[in-house]
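Here's the structure, in structure tokens; my notes come after.
Just so it is clear, none of the values below were taken in a lab; they were calculated from the coordinates. Not measured: the values here are computed from a predicted model. So basically every Cβ, Gly included, is an ideal-geometry build from the backbone, and we count neighbours across all protein chains shown.
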Amino acid sequence: MPLFAGGLVSIVVMGLWIFCLVDVITTVDGTTRNLPKMGWLFIVLLLPLIGSILWLVAGRPERAGGGGGHYRQASPSRFPEYDRPGRHVAASPDDDEEFLRKCRERAEQQRKAAKPRDQKDES
């Protein structure tokens, strides 16, 4: 029985190691905690049991909402290019007079362009 228990422990440790190795590899860059992804990869590769436990406790990204399989991103935006400083942030179209003026001009141009077509269709 003790020999079987030792073999079972080895299989569990190897399964945990493989799971953590695949999890580190498939994790999106920038979402890992405490270390870069490559650092976690080396720790899990070189220290199978301890590295796997450390990955699960201190490196794996936090899940958003406690479940569902979606990991929280490092930034609240899914698109980090939107978070760069100095980027123009869209405002309400009702507050932008220039935008409304251009929309009215374009609508008037489209009406003028459509009038001759409508007159041809009626003839």
Discussion item. Condition first: surrounded by fewer than 17 Cβ atoms within 10 Å (Cβ to Cβ) and within 11 Å of residue 61 (Cα to Cα). Now tell me which residues in the range 15-34 satisfy that.
Written reply: 28, 29, 30, 31, 33, 34
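Can you tell me which residues in the range 42-62 are assigned to a helix (DSSP H, G or I) and within 14 Å of residue 31 (Cβ to Cβ)?
Going through the range 42-62, the residues assigned to a helix (DSSP H, G or I) turn out to be 42-46, 48-59.
Correct list: 55, 58, 59.
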